[in-house]
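Colleague: After the structure tokens below, expect a handful of questions from me.
Just so you know, all these numbers are worked out from the coordinates, no wet-lab data involved. Here the structure is a predicted model, which means the values were calculated and not measured. Every residue, glycine as well, gets a Cβ built from its backbone with ideal geometry; the counts of neighbours run over all protein chains shown.
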Amino acid sequence: MTQMNNTTDKRDEKTYAIIGAAMAVHNELGCGFLEAVYQDALEIEFKKQGIPYEREKRLDVFYCGEKLDSFYRVDFLCFNEVVVETKAVSKMAGTEESQVINQMKASRLHKALLINFGVPKLDYKRMVFNLCESA
């Protein structure tokens with residue numbers, strides 16, 4: 001798993017658009033609301049900006065090519081390929097990153113954003129998971 005630097009010269013237009021929408025929400029609301037409030041506002045912003053999304057998207061988990069009864073539910077799946085997990089906490093403990101990594105790994109999706117609205121300056125992490133087929 002790798003993290004993309006927030007100041008990289010190469011810009012992923014999809015994650016850039018999602019982060020821009022999150023910044024618009026944070027600029028309007030600031031910090032201090034519950035996570036559900038930010039999710040509702042982010043959904044409105046996605047619609048305003050024309051960002052395709054599915055909210056509370058179920059991601060199936062596979063083992064040896066077979067779908068398990070267990071699944072993950074992500075806050076948003078944007079562009080049918082970017083997992084977006086939102087938080088509203090004063091400090092992330094590290095379990096949030098693990099959650100997103102497991103979601104990407106299990107669902108075989110490669111890109112995610114972990115966005116925290118619970119701090120004075122919007123905090124986000126771009127995450128990329130490289131999946132290698134076993135020999």
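Colleague: For the range 111-132, what are the residues that are in a strand (DSSP E or B) and not hydrophobic (A, V, I, L, M, F, W, C)?
Modeller: Once the filter is applied, which keeps residues that are in a strand (DSSP E or B) and not hydrophobic (A, V, I, L, M, F, W, C), the range 111-132 yields 111, 116, 123, 124, 125, 126.
Colleague: Within the range 41-71, track down each residue that is closer than 17 Å to residue 101 by Cα, among the aliphatic types (A, V, I, L, M) and either loosely packed, with under 13 Cβ neighbours inside 10 Å or over 17 Å from the mean Cα position of the chain (by Cα) (or both).
Modeller: Hit for the range 41-71 is 61, nothing else.
Colleague: Any idea which residue in the range 88-105 is farthest from residue 59 (Cα to Cα), counting only those that are touching a residue at least 24 places away in the same chain (Cβ under 8 Å) and touching a Leu at 6+ places or on another chain (Cβ under 7 Å)?
Modeller: Once the filter is applied, the top-ranked residue is 88.
Colleague: I would also like to ask the following. For the range 40-89, what are the residues that are aliphatic (A, V, I, L, M) and more than 22 Å from residue 122 (Cα to Cα)?
Modeller: Matches in the range 40-89: 59, 61, 68.
Colleague: Same structure again: Of all residues in the range 20-30 being buried (at least 17 other Cβ atoms within 10 Å of the Cβ) and in contact (Cβ under 8 Å) with a residue 40 or more places away in the chain, which is nearest to the chain's Cα centre (by Cα)?
Modeller: Once the filter is applied, the top-ranked residue is 22.
Colleague: Filter the range 10-19 for residues that are out of contact with any helix residue (DSSP H, G or I) (no Cβ under 7 Å at 6 or more places or on another chain) and not hydroxyl-bearing (Ser, Thr, Tyr); which is surrounded by the most Cβ atoms within 10 Å (Cβ to Cβ)?
Modeller: Here the answer is 18.
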